[in-house]
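Engineer: Before we start, here is the structure in question, set down as structure tokens.
Just so you know, all these numbers are worked out from the coordinates, no wet-lab data involved. Small disclaimer: the values here were computed from a predicted structure and weren't measured. Neighbour counts run over all protein chains shown; Cβ positions are idealised from the backbone, glycine included.
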Amino acid sequence: MPERLQEKWIGVTRAVTKMRTNRVSLPKAAREFGLDPRVVVTLGGSALRKRNGRYFAKARDPLLRVEVIPTPQGLQEIGVPDSRQASLLGKYWNSVHQYLETGDASGLKEFEGKQIKSADGTTIRLLTDLRELDRLGSAGLLSFQSIYGRAA
């Protein structure tokens, strides 16, 4: 996909997520990500429902998202097939950052043995080994910006 279209797609997925989680209107969410609402409807239509002339985000959506996940080899970009997997990954990242910032690993216990299913059908086990997370964190790979950046 050309880079410009990738940026639009990322904006569409973020706008739909914003609509769902913050109950923001389509025009407001689109504007926040520099998009025309018609682009959000065209590209993200499967994630939206129209009711009384207004669009609302569905509880779940099948929109592909490219996310970053920590592995023992470093950060890896994966295609996440839907909002449920993206949400699970987001909660996992929150627990990773809580551990790295405070030393409190209690949030990571929820993710022991859990996996993320990628868009190509492979599964990736969520990294909960504290020594590995400390090693990656010390290397600067697990900063907040890592989630939204590209894997090296």
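Engineer: Connecting C-alpha atoms closer than 10 Å in a GNM of the chain, tell me which of 78, 116, 124 has the biggest fluctuation.
Structural biologist: The residue with the greatest mean-square fluctuation here is 124.
Engineer: Taking 0.36 nm per residue of separation and subtracting the Cα-Cα distance, what length does fully extending residue 84 through residue 59 add?
Structural biologist: Once the chain is fully extended between residue 84 and residue 59, it gains 8.1 nm.
Engineer: Distances over 14 Å make up what percent of all Cα-Cα pairs in region 3-57? Present the calculation step by step, with values, prior to reporting the outcome.
Structural biologist: On the way: 621 of 1485 pairs.
Value for region 3-57: 42 percent of Cα pairs lie more than 14 Å apart.
Engineer: Sort 84-93, 50-59, 19-28 for me by packing, meaning the mean count of neighbouring Cβ atoms within 10 Å per residue, highest on top. Before the final figure, lay out each step's value.
Structural biologist: Working: 84-93: 17.3, 50-59: 12.4, 19-28: 15.7.
Descending packing order for the listed peptides: 84-93, 19-28, 50-59.
Engineer: Right, something else. If we count every other residue with Cβ under 9 angstrom of residue 92's Cβ, Lys/Arg +1 and Asp/Glu -1, where does the sum land?
Structural biologist: The answer is +1.
Engineer: To continue, here is another question. Among 41, 80, 68, which one shows the highest mean-square fluctuation when the chain is modelled as a Gaussian network with alpha-carbon springs under 10 Å?
Structural biologist: So, out of 41, 80, 68, the one fluctuating most is 41.
Engineer: Would you mind checking the tilt of helix 83-102 against the longest principal axis of the Cα atoms of the chain, expressed as 0 to 90 degrees and rounded to 10?
Structural biologist: 40 degrees
Engineer: Do you know the relative contact order of the chain, to the nearest whole percent, from alpha carbon pairs under 8 angstrom that are 6+ apart? If you can, show how the numbers build up before the last one.
Structural biologist: Numbers: 207 pairs, mean separation 26.0, N = 152.
Reported as a whole number, the value is 17 percent.
Engineer: Go ahead and estimate [θ] at 222 nm for the chain from helices alone: -39,500 (n - 2.57) per DSSP H run with n ≥ 4, summed, over the residue count, rounded to 500. Show your work: numbers first, answer last.
Structural biologist: Numbers: 6 runs with 69 residues, N = 152.
Value at 222 nm, helices only, nearest 500: -14000 deg cm²/dmol.
Engineer: For residue 38 and residue 106 in one chain, what is 0.36 nm times their gap in residues minus the Cα-Cα distance, to one decimal in nm?
Structural biologist: 20.2 nm
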